[in-house]
Every structure is written in C-alpha cells, then in structure tokens.
C-alpha cells in the first residue's frame, strides 16, 4: 500500500533506522527508526480516535519532536494535517475549527477545556515537552502501523494564509505538492545524509514544517532541534552543524554576536526566506563569515518557487531563478506578459502549486488559472539572466494621482540613508490624489536624522509622485511570526493622516 508523502519521507533511511535524526536540547538523540515508530503509534491512536482518510487534524501545539511525529502520523493515517499558530486567540481558533471541521484537535493541556467548547471533534493534548493525552494514547498501540493508502493528488495538509486581507484562506496541499518540493530542494541545495541542520524555526508554518523538516527527512540528514530562535543556542550549535535555515531576523541578530565567524567556519550553507533579506545584510554576512546567504522565494500556496543557485552567483536583493520544474511569468494581472525588465505580477506553475482554497471555489478559480498558473499577488522584475526580484505585493502597490508606485523602490532609498535601520512605504487615503505615499521609518537612535534630511536626500532620486508626503518614526515595524512586515496594520494606523486635514 502506498502513501505518497510518507513513502518519500522515510525512504532515505529505511535501510539504516539507527541513523540519528534529531539532537534534542536535553542532549539525547532520536534515531530515524524511533521517530517513525512513534509516528506510527500516533497514527494508530488517531485512527482509534475516529480519524478516517481525508479527515482533518488541527494542531495548535508547542514545538516538540512529538509535534513533528503528529504531522507524519496524521499523514500515515490518511488524514490532512492542519497546523495552527500557537499565538492564535480563542476567537481566531474558533474560525479555523468552524471552517475546517477537523475530526481531531490537538492542543496544549491548559487549553483543553476552551478548545472542547469550540469543537465537536475529539480533543487530545500535547505539551511543550511532547507529553499529553495524545502520547499516552499512542503508547497503547504497538509500532508497525501500515500507512493508509493515499495517492499523489490526495490532500496531505491545509495551511491557512496569514489573512492580511479578509479572512484567512486554507491552502490545500497534496502529497505530490509536498513530496516533489522536498525532493527538488534537497537536490538543488545539495543536502545529503552528512548534513546537520539547525532547526530553530516554528513548525506551524511551511518554512519550518515542510522545508526544514521534509528536506532533512528526504536527504537522510540530521537536525539540531531547538525550541525556538536564540542567538546563544545557535552560536553553540554552529560548530556541530552544516546548514541553517532562517528568516532575516536570524541573520541580523547573529551579526551582532561576538564569535560568529569562528562558530560558522565549518558551515556549508545559510538559507534565508519568509521575508525579504536586505542587500546590506547579505553583504555584511559575507564580510563577517565568508559565506553568501542563499535567498529563496515561496509562499503558503506553493512551497518554494525560486532560489538563488547553490553553485553559481547568489545575487543580493534577488530570490534567484525558478526551481527545476517550475514555470514563472510576469503579467499585467490580465493575462498579458509584461515587457522585459518591467515589473509585473508573478505567476507560477508546477508540481508544487496547491490544489486550491478550502471551501472557496470562486477564490480558487480567481487565483488558480485554467492553464495551471497561480497568481501569487507578488510584484517582481526579472533581470537579463532570469533572476527574480520581488518589489512588493500587488495589494501594497500605491496608486497616487493615477501613477503606480512600487514601495520597494522607495524603501531601498530610505534604508540607504545614514541613521535609518529600515522602513515600510504604504499608501493611505488622500482627498486629492486618491492615495498618498507615506513612509514609516525605524531609526538607529531618536536623534539620528530628521524627516527633512531623508526627504531631501531621496527627493532628487525619485519622480515627484513617488516621494513620500509624510514620514512617521517608530521604534519597530509590526511583524508576523515569520518576520514579514504587516503593512495592513500600518495602513490602518495612518489611514486618517490626510482625510482629517482641513
């Protein structure tokens, strides 16, 4: 009996189950054999709890190896894994449970009663140490569970989008989507059984769950499994590791640590994603460590689409070229390709592209086109060599006086000003222009610079309609769990800037 994703994930170490998979914070090591045996027991417990093929398992749990076994065990049992951010409130959780109708919900023991009041599903628990009613139930079953047969087009997971516009949407990911992307990335980034990955990412997101975890399993490598991001823990792990996957915040904070260059001496690869990496961070990292960070581009609906090459030029400020098997085009949003060098909406097609949005056929038809291309909503440019540069989101583009302004162009100029740490450029309502360009800026110190000095510096480099009409200075930009700036919150915060003016 075939279970497409599970067969792919366990293939590399079937002949050597004693090989190490996870080095845990307490100093113990879990082998491949022990990991999959535990996943089999969880699969049996889920079936005993009433899970059938295609049923959803919603999991709002802390990061632990048992949580990863829950993911694999759900797929083994023929179910559809639905990871949820541990920061979601009861109100948010109620929406996901009502929308996805899971058969089983797994949560922290402290939340059991509250979750039980929201769901008609079976509620099981799992705490930060990997213990709870789920593991107790699993221990009552022997290992050796035979995975439920599932085909390549059957669902393996549903991941909800961040919901920056409207309600979050459930992206339906098939066995083929996840298995093919893991195999492609492991090959493209040259992961082998000799690799040891520092796993410090959350596992409710595609980056930590499907990229970091799946690649490790597919390649037969090992991971140094950390509960979260901590610079001291990562510095201590670097001499024992070969690879690190992180968000830009990982790298900016590590750059402030003494001993980074020495600790990173034997590392093979540093990968960044989930949010744009500033070109200056790329340059600073190479100056400090001798390594060029490999930046790639993906999203909830597609996993990874492009990557800078492993062997070849890693261009700062770009997210590389389309991965093998992925087609990419830039359009005007109406199906017409843009001229070479011009910005356009990124559309992608390939085995990594999801099957659609859960319970939203109209939204699926709107964004998943008849020819198989998915409209990402990102705006990008392609250089002569085919490297993609993301310049913003279509929803973030500012239209002022009938002219399009791409925020990234303005942000790069503001960020280059002395005294500026970073910026976010947004559009807010304006009675005359429709929208006005506004910059939200983080300074190195409150007295580092002024609005007039920044605007005076960038003004000669921008057409007048692109120049910010106001700058606001803040201590930090709002970000989601993966480090992406939440421009929707900034638009709400400064929405009345010009509409209240006389």
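Structural remarks
- Answer residue from region 469-502, given it is touching a residue at least 40 places away in the same chain (Cβ under 8 Å), part of a loop (DSSP other than H, G, I, E, B) and touching a helix residue (DSSP H, G or I) at 6+ places or on another chain (Cβ under 7 Å) and is nearest to residue 252 (Cα to Cα) among those: 483
- When region 11-35 is limited to residues that are part of a helix (DSSP H, G or I) and modelled with pLDDT of 95 or more, the one that is nearest to residue 184 (Cα to Cα) turns out to be 32.
- Qualifying residues in region 98-118 (those that are touching a helix residue (DSSP H, G or I) at 6+ places or on another chain (Cβ under 8 Å) and buried (at least 21 other Cβ atoms within 10 Å of the Cβ)) - the one farthest from residue 67 (Cα to Cα): 115
- Qualifying residue in region 39-54 (condition: closer than 23 Å to residue 168 by Cα, in contact with a helix residue (DSSP H, G or I) (Cβ under 9 Å, 6 or more places away or on another chain) and surrounded by fewer than 21 Cβ atoms within 10 Å (Cβ to Cβ)): no
- Of all the numbered requirements in (1) at pLDDT 95 or above; (2) out of contact with any strand residue (DSSP E or B) (no Cβ under 9 Å at 6 or more places or on another chain); (3) closer than 20 Å to residue 293 by Cβ; (4) in the same structural domain as residue 314 (by TED's automatic domain parsing), residue 259 misses one, and that requirement is (1).
- Given (1) over 16 Å from the mean Cα position of the chain (by Cα); (2) not in a strand (DSSP E or B), index of the condition residue 228 fails: (1)
- Residue 38 meets all of the listed conditions (1) in contact (Cβ under 8 Å) with a residue 12 or more places away in the chain; (2) within 25 Å of the chain's Cα centre (by Cα); (3) in a helix (DSSP H, G or I) but one, namely (2).
- When residue 462 is tested against (1) touching a helix residue (DSSP H, G or I) at 6+ places or on another chain (Cβ under 9 Å); (2) modelled with pLDDT under 90; (3) within 20 Å of residue 494 (Cα to Cα), exactly one condition is not met: (3).
- Region 350-376, residues that are part of a helix (DSSP H, G or I) and under 20 Å from the mean Cα position of the chain (by Cα): 367
- Residues being farther than 27 Å from residue 433 by Cα, out of contact with any helix residue (DSSP H, G or I) (no Cβ under 6 Å at 6 or more places or on another chain) and not in a strand (DSSP E or B) are represented in region 386-405 by at least one member.
- Considering only residues in region 239-253 that are at pLDDT 95 or above and surrounded by 22 or more Cβ atoms within 10 Å (Cβ to Cβ), the one that is farthest from the chain's Cα centre (by Cα) turns out to be 241.
- Only one of 275, 284 that is farther than 21 Å from residue 353 by Cα and touching a residue at least 24 places away in the same chain (Cβ under 8 Å): 284
- Condition check for residue 217: over 27 Å from residue 486 (Cβ atoms), touching a helix residue (DSSP H, G or I) at 6+ places or on another chain (Cβ under 9 Å), modelled with pLDDT of 95 or more and assigned to a helix (DSSP H, G or I): yes
- Qualifying residue in region 352-370 (condition: modelled with pLDDT under 95, in contact with a helix residue (DSSP H, G or I) (Cβ under 9 Å, 6 or more places away or on another chain) and either under 18 Å from residue 395 (Cα atoms) or surrounded by 23 or more Cβ atoms within 10 Å (Cβ to Cβ) (or both)): no
- Qualifying position, being in contact with a strand residue (DSSP E or B) (Cβ under 6 Å, 6 or more places away or on another chain) and farther than 18 Å from residue 353 by Cβ, among 301, 295: 295
- Conditions (1) buried (at least 20 other Cβ atoms within 10 Å of the Cβ); (2) free of Cβ contacts under 8 Å to residues at least 60 places away in the same chain; (3) farther than 20 Å from residue 273 by Cβ; (4) assigned by TED's automatic domain parsing to the domain that holds residue 485: number failed by residue 409: (1)
- Residue 191 outside any strand (DSSP E or B), within 19 Å of the chain's Cα centre (by Cα) and crowded, with 21+ Cβ neighbours inside 10 Å: no
- Look at (1) touching a strand residue (DSSP E or B) at 6+ places or on another chain (Cβ under 8 Å); (2) modelled with pLDDT of 95 or more; (3) surrounded by fewer than 16 Cβ atoms within 10 Å (Cβ to Cβ) and you find that residue 324 fails only one, number (1).
- Among residues of region 410-425 being assigned to a helix (DSSP H, G or I) and out of contact with any strand residue (DSSP E or B) (no Cβ under 7 Å at 6 or more places or on another chain), the one that is nearest to residue 469 (Cα to Cα) is 413.
The values are calculated or read from the model by the stated rules, or taken from the named source; none is laboratory data. A quick note: this is a predicted structure, and the numbers were derived from the prediction, not measured. As a convention, Cβ positions derive from the backbone with ideal geometry for all residues, glycine included, and neighbour counts pool all protein chains shown.
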